[in-house]
Amino acid sequence: MKFRILTLFPEMFDAVTGASILGRALSNQQIKIECDNIRAFSKDKHHKVDDAPFGGGAGMVMKVEPLRDALNSKPQLPNSRVIYLTPKGETLKHEKVVSLAKYDELILVCGHYEGVDQRFIDRYVDEEISIGDYVLTGGELAAMVVIDSVSRMVSGVLNNEGSAEEESFSNGLLEYPHYTRPQVVDGDEVPSVLLSGNHAEIEKWRYRESVKLTAERRPELLSEDQKQALKDNFIKKKKRVEKK
Ligand SMILES: Nc1nonc1C(=O)NC1CCNCC1
């Protein structure tokens with residue numbers, strides 16, 4: 001199993017490679033860990049990898065180009081999977097760990113700041129995974145959890161150590177999609193409402209996107225009112241379509 005990590009802090013992974021079980025698995029070449037520093041792929045003279053969000057709001061968003069160029073800097077193995085670590089992702093559970101262990105290569109994308117431009121996710125990410133419903137300062141620790149839990153499934157890595165228990169939990173809505181400059185990249189555009197400057201509309205759009213995304217991925221997180229609002233909205237849209 002090869003783990004490739006796209007990160008701004010490769011030095012953080014020294015913590016994993018020195019650990020006992022994983023350290024042994026590395027020296028036995030049962031697993032391989034390779035870090036690519038995203039900042040090295042910024043073409044900006046200040047090595048910028050982030051920018052302000054379209055539509056306003058707090059924080060910064062990671063740009064598409066440095067991430068894309070870091071990902072494309074090496075060929076992917078035939079049986080490879082690109083995973084973005086984010087609270088919006090599917091919560092990592094045992095079944096998922098087992099299924100990830102079947103790949104030859106996992107490419108783990110570690111975000112920072114408010115998140116990553118949605119267009120990178122849409123075009124390059126195979127799967128979004130969360131290690132739990134809390135917010136970390138960066139995706140690196142989540143990547144280490146994936147490396148640790150999946151490595152345990154690689155035959156020969158665990159001699160006779162016990163197996164772990166994982167539980168999931170849930171609260172709140174999933175975040176709306178993020179976008180930042182440039183306005184068009186690889187032909188992909190930013191939703192026009194975010195360029196409107198109409199903060200009331202932007203706020204409504206962001207809430208609707210959060211409820212829509214949560215309904216798709218974590219319906220158990222929705223309150224009864226939110227479920228009813230989605231149903232009402234669906235019926236209204238259906239009636240509008242039928243009238244046309
Ligand atoms: N929980 C999480 N499971 O995977 N990643 C998680 C996370 O909190 N990522 C941060 C989200 C805010 N931006 C920096 C990264």
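Please treat every number below as a calculation from the coordinates, not as lab data. All figures in this text were calculated on a predicted structure; none of them were measured in a lab. Using ideal geometry, Cβ is built from the backbone for each residue, glycine included, and neighbour counts are taken over all protein chains shown.
Using the alpha-carbon centroid of each, what span in Å lies between region 82-125 and region 205-234?
Comparing the Cα centres of region 82-125 and region 205-234, I get a distance of 23 Å.
In debye, nearest 20, what is the charge dipole magnitude of the chain about its Cα centre with +1 on Lys and Arg Cβ and -1 on Asp and Glu Cβ, if you could check?
Using Cβ point charges on Lys, Arg, Asp and Glu, the chain gives about 960 debye.
Per residue of the chain, what 222 nm ellipticity follows from adding -39500 (n - 2.57) for every DSSP H run with n ≥ 4, rounded to the nearest 500?
My calculation for the chain gives -10500 deg cm²/dmol from helical runs alone.
Below 24 Å, Cα to Cα, which lysines can LYS45 reach? Residues fewer than 8 away in the same chain don't count.
Straight-line reach from LYS45, under 24 Å: LYS63, LYS74.
Taking R0 as 22 Å, what's the FRET efficiency between GLU203 and VAL241 from their Cβ-Cβ distance, rounded to 0.05?
Between GLU203 and VAL241 the formula returns 0.25.
At 0.36 nm per residue, minus the direct Cα-Cα distance, what do TYR134 and GLU220 gain on full extension? Give it in nm, one decimal, please.
Full-extension gain reported as 29.3 nm.
As a quick test, which of the pairs LYS204/LYS237; LYS32/LYS88; LYS96/LYS212 have an alpha carbon distance above 21 angstrom in this structure?
Those over the limit are LYS32/LYS88; LYS96/LYS212.
What do the square roots of 5 times the Cα gyration tensor eigenvalues come to for region 71-203, in whole Å, largest first, as semi-axes of the equivalent ellipsoid?
32, 19, 10
Give me the log10 of I(q) over I(0) for the chain at q = 0.12, 0.13, 0.15, 0.17 Å⁻¹, as the Debye formula computes it from C-alpha points; what are the numbers?
-0.76, -0.88, -1.10, -1.31
Once you order the gyration tensor axes a ≥ b ≥ c over the Cα atoms, which shape class does region 3-63 get: rounded for a/c under 1.5, otherwise prolate or oblate by comparing a/b with b/c?
prolate
Starting from the 7 Å offset along Cα-to-Cβ, what nm value, one decimal, do you get for the label separation of ALA40 and ASN28?
2.9
Check the straight Cα-Cα distances from LYS93 and name the lysines below 18 Å, setting aside those fewer than 8 residues away within the same chain.
The reachable lysines, counting only those whose Cα sits under 18 Å from LYS93, are LYS102.
With charges set only on the Cβ (+1 for Lys and Arg, -1 for Asp and Glu), what does the dipole of region 171-244 come to about its Cα centre, in debye to the nearest 20?
520
Which order, highest average first, do 114-121, 209-216, 75-82 follow once you tally other Cβ atoms within 10 Å for each residue and take the mean per peptide?
Ranked from most to least packed, the peptides come out as 114-121, 209-216, 75-82.
Give me the Å³ per residue figure for the convex hull around the C-alpha atoms of region 46-133.
Here the figure is 100 Å³ per residue.
Once Lys and Arg get +1 and Asp and Glu get -1 on their Cβ, which of PHE120, ALA143, GLY156 lies farthest toward the positive end of the dipole of the chain?
PHE120
Per 0.36 nm of contour for each residue apart, how much would the distance between ALA15 and LYS48 grow if the chain were fully extended, relative to their Cα-Cα spacing?
9.3 nm
What per residue convex hull volume, in Å³, do the alpha-carbon atoms of region 185-244 yield?
Considering the Cα atoms of region 185-244, their hull volume per residue is 138 Å³.
Report, for the chain, the % of DSSP beta bridges that are antiparallel, rounded to 5.
Of the beta bridges lying entirely in the chain, close to 20 percent run antiparallel.
With unit charges on the beta carbon (Lys/Arg positive, Asp/Glu negative), name the residue among CYS110, VAL193, SER42 whose Cα is farthest towards the positive pole of the charge dipole of the chain.
VAL193
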